[in-house]
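The values are calculated or read from the model by the stated rules, or taken from the named source; none is laboratory data. As the structure is a computational prediction, the values presented were derived from the model and not from experiment. No Cβ is skipped: glycine too gets one built from the backbone with ideal geometry, and neighbour counts run over all protein chains shown.
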Protein chains: 2
Amino acid sequence: MDALGIALIGCGTVGTGVAKILLERGERMLSRAGRPLELRRIVVRDPVRPRDPAIPTTLITTDFSTVLSDPNVHVVVELVGGTQKARQFVLESLHAGKHVVTANKALLAEHGTEVFEAARQNERTVAFEASVAGGVPIIAAIGQSLAANQVTSIQGILNGTSNFILTAMADKGQSYADALAEAQRLGYAEADPTLDVDGSDAAHKLGVLARLGFGIDVPMASIERIGIDRIDATDLKFAQELGYVIKLLAEAWLNQGQVAMHVAPVLLRRNSMLAQVRGAYNAIQVMGDVVGETLYMGPGAGMMPTASSVVADLIDLAVGRAQRTFQQLRLWEASAQGFSLRSNDTVTSRFYLRLQVDDRPGMLAEVARVLASHQISIASVIQHEPRDTTGAQSVPLVIMTHAAPTGGFRRALDTINQLPGVHAPCVWYSVAD
Amino acid sequence: MDALGIALIGCGTVGTGVAKILLERGERMLSRAGRPLELRRIVVRDPVRPRDPAIPTTLITTDFSTVLSDPNVHVVVELVGGTQKARQFVLESLHAGKHVVTANKALLAEHGTEVFEAARQNERTVAFEASVAGGVPIIAAIGQSLAANQVTSIQGILNGTSNFILTAMADKGQSYADALAEAQRLGYAEADPTLDVDGSDAAHKLGVLARLGFGIDVPMASIERIGIDRIDATDLKFAQELGYVIKLLAEAWLNQGQVAMHVAPVLLRRNSMLAQVRGAYNAIQVMGDVVGETLYMGPGAGMMPTASSVVADLIDLAVGRAQRTFQQLRLWEASAQGFSLRSNDTVTSRFYLRLQVDDRPGMLAEVARVLASHQISIASVIQHEPRDTTGAQSVPLVIMTHAAPTGGFRRALDTINQLPGVHAPCVWYSVAD
């Protein structure tokens, strides 16, 4: 069978990994795909930038139009990132009759409808296994392997940088600033880590998974997100004392035909599977109405893990599977029936609440009274004696509630933050169990 | 598009689950498969046995030949189990031009070559996601999602019954006999649990995974297996004291072009992912040379989890993916290049060794000398004072070694079992880390 001709747009970390596999593992690719996977062009901005010696300079070009006009390029692999240029490259590729493989969750989360519509118009395929959770085959799991199921919930550790920082804080008792600095030193966090630590990256990935699992088209702005950038080591310690760990989770739940979603630090029981996911790993727990609970874990980023998923998509295209999957999934299709979005206020959860309160009698009673007036009952309390008995003005008070609707809890919180003797604002996280 | 016509052979637990999904979720199936999945016949031995009221008696027949001769049956789902009749049903179905979906690991492990050859001869497909680890999509993961990789190791908790018993023993301090009785009472173990607890079932599943991951055709007799049926609660306790848990693992490793495999109770570090897999869950950790470490977890058996995988295969067939995957994987193909089998004696591991020794000076020194003479060094030792100081004749001595080849360790063990003062045979397990 004829070779599958491939062009890469972007030759950074992941692009270099993809190029190396295609160039150095030709025999394996032939055996897995049944035809050669031939890398024909690599489009870059700066042709003279030093690159891995495995990348032949003869493949390098700055002229994207040569890709569009080359009938021997069947697939464009978009690895430039961002949403502006990437969108243009992807749309032009599809209109020129190329299939597209992309690792770009921001592009799909923000312009998915347009991209998939262009693919359908041109009878071409967009494959995006690498867009969520790096080397973890979560797109295939939800899109194909769980096809007998209606997905009922998705809970994911989808940002390796945040998970690395939280793991370091919990294990070594580091502050957020110290753990971030170490993550940057080791290459797990970028110089500007904002999109990773504020929850935006995880929200993009959750957006992609929610569309796949629930057929829901979620404006990014409507996904509530709380990052780890304001997390305090104190709360990791109290969580530990209660038998929990704190992880940045991206969660979506289906309930009575509606889907609620958020990205937030969440308390997980110490012996749960997601609680064990350490360092830069990603993991996704998916509940299906037929299968029950399943979990998928692996490296969430990096050159070779992400390249593994990109190349899996290329093999799927070469074999002809990806085209059938894409046709069948009807992703982002205007007419496809999906679920509607539900307010997080209606989601029921347990809550962790830490208040700094004046060290005087009756504080716990007052807080408990407010919670009770919102039908929230208390499951456990931690209040230690102040270490410094001479001059301590305030003490931490930690409360774990029983399950209650988020909206009611938030209203109670507004009142608690106004109580005399409470040093507002209180810290709170939801508890997954 | 025309309906995909389906016949079930066998209507026990899983068959009932598959029938219910096909009959009650028709609209979902149509949307996922792009065409109706139509259940046309259910072949059973005993037509009058009481069944789930959801199963229409009009579909029930005892005559398999009506399936073969019905041109509107495109797929035969084999769920009878065992290897004799199942083999016959599957081969006849393929020769009659039907695709086959099966959950039968024993059939594939023992007659895979014949079954797959018959499929190729007749240009039909055999799909078998449900044959390993119930609802966990491990066949798709290794066969498709990790296609860019050479798998380098597989470590799986593949028998839910064994894992349920080991979890109960560790959590509640139960004896093996008590935990087994509880598992039987709750339906997690059969009246005759032999194939589950002696490692045979896990070995069959490992055989299927090893062929998929390594292209190796392994005679079942050549997979070393140690079950959990002789496990002693004492060793679970010592393992815990050392920071480990004991799990029944099915393992295969690729090393220098050869594959070693076994099924055995293995010590796992308490905070490893596989150590967290509790009760009847299954999990498989797969290392790929590109992606690194990935893990897949879910319910390992049961009506609906297994049905979820069977129906995923049916949808794959309806969409046309399964046919392409089957063609491409060239499974069990005589000419396909695989790896050769390697003796477990060459596998390097750490070891846990528990001896019952006379309570006299010098015993540890003698055991250590034998280990040293086989170049095995000791990492840690537990020797408690005997509880009963009045009449204790022997005490347990627990040794964790550093890494050493299994062959050398076994030879050392032979010598240690002969030592005066050692109450042979010693108990030993390998340590995964």
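Laid out as a table, the results:
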{"quantity": "Odd one out for A:ALA312 among (1) within 20 Å of A:GLY215 (Cβ to Cβ); (2) within 8 Å of chain B (Cβ to nearest Cβ); (3) out of contact with any strand residue (DSSP E or B) (no Cβ under 7 Å at 6 or more places or on another chain)", "calculated": "(1)"}
{"quantity": "Considering residues of the range B:9-27 that are touching a strand residue (DSSP E or B) at 6+ places or on another chain (Cβ under 8 Å) and more than 10 Å from chain A (Cβ to nearest Cβ) only, the residue surrounded by the fewest Cβ atoms within 10 Å (Cβ to Cβ)", "calculated": "B:GLY26"}
{"quantity": "Filter result (more than 8 Å from every other protein chain (Cβ to nearest Cβ) and among the charged types (D, E, K, R)) within the range B:279-301", "calculated": "B:ASP289"}
{"quantity": "Filtered residues of the range A:122-146 (kept if in contact (Cβ under 8 Å) with a residue 24 or more places away in the chain and more than 25 Å from A:MET287 (Cα to Cα))", "calculated": "A:ASN122, A:ARG124, A:THR125, A:VAL126"}
{"quantity": "Residues within the range B:295-321 that are surrounded by 24 or more Cβ atoms within 10 Å (Cβ to Cβ), more than 19 Å from the chain's Cα centre (by Cα) and not hydrophobic (A, V, I, L, M, F, W, C), tallied", "calculated": "3"}
{"quantity": "Test set (1) at pLDDT below 95; (2) within 14 Å of chain B (Cβ to nearest Cβ); (3) touching a strand residue (DSSP E or B) at 6+ places or on another chain (Cβ under 8 Å); (4) within 30 Å of B:MET303 (Cα to Cα) - A:ASN271 fails condition number", "calculated": "(3)"}
{"quantity": "Residue that is surrounded by the fewest Cβ atoms within 10 Å (Cβ to Cβ) [pool: residues in the range B:102-151 that are of a type in the set (Asp, Glu) and more than 14 Å from chain A (Cβ to nearest Cβ)]", "calculated": "B:GLU123"}
{"quantity": "Hits in the range A:396-413 - residues which are aliphatic (A, V, I, L, M), outside any strand (DSSP E or B) and touching a helix residue (DSSP H, G or I) at 6+ places or on another chain (Cβ under 6 Å)", "calculated": "A:ALA412"}
{"quantity": "Tally, over the range B:315-329, of residues that are more than 28 Å from B:TRP253 (Cα to Cα), in contact (Cβ under 8 Å) with a residue 12 or more places away in the chain and either at the interface with chain A (Cβ under 8 Å from one of its Cβ atoms) or not in a helix (DSSP H, G or I) (or both)", "calculated": "3"}
{"quantity": "The lone exception for B:SER31 - which of (1) in contact (Cβ under 8 Å) with a residue 12 or more places away in the chain; (2) within 14 Å of chain A (Cβ to nearest Cβ); (3) assigned to a helix (DSSP H, G or I) it fails", "calculated": "(1)"}
{"quantity": "When residues of the range A:61-100 are limited to those that are over 26 Å from A:MET1 (Cα atoms) and over 31 Å from the mean Cα position of the chain (by Cα), the one surrounded by the most Cβ atoms within 10 Å (Cβ to Cβ)", "calculated": "A:THR61"}
{"quantity": "Residue within the range A:214-222 that is of a type outside the set (Asp, Glu), modelled with pLDDT of 95 or more and closer than 27 Å to A:PHE128 by Cα present", "calculated": "no"}
{"quantity": "Count of residues meeting criterion [over 18 Å from A:GLY338 (Cα atoms) and either outside the structural domain of A:ALA210 (by TED's automatic domain parsing) or hydrophobic (A, V, I, L, M, F, W, C) (or both)] in the range A:249-285", "calculated": "14"}
{"quantity": "Set A:ALA210, A:ALA264: member being farther than 30 Å from B:GLY134 by Cβ and away from every other protein chain (no Cβ under 11 Å)", "calculated": "A:ALA264"}
{"quantity": "Meets criteria (of a type outside the set (Lys, Arg) and within 19 Å of B:VAL101 (Cβ to Cβ)) for B:VAL14", "calculated": "yes"}
{"quantity": "Test: residue in the range A:377-399 that is within 30 Å of A:ALA140 (Cα to Cα) and modelled with pLDDT of 95 or more", "calculated": "no"}
{"quantity": "Any hit, the range B:177-192, residues being in the same structural domain as B:GLN240 (by TED's automatic domain parsing), surrounded by fewer than 21 Cβ atoms within 10 Å (Cβ to Cβ), more than 18 Å from the chain's Cα centre (by Cα) and at positive phi", "calculated": "yes"}
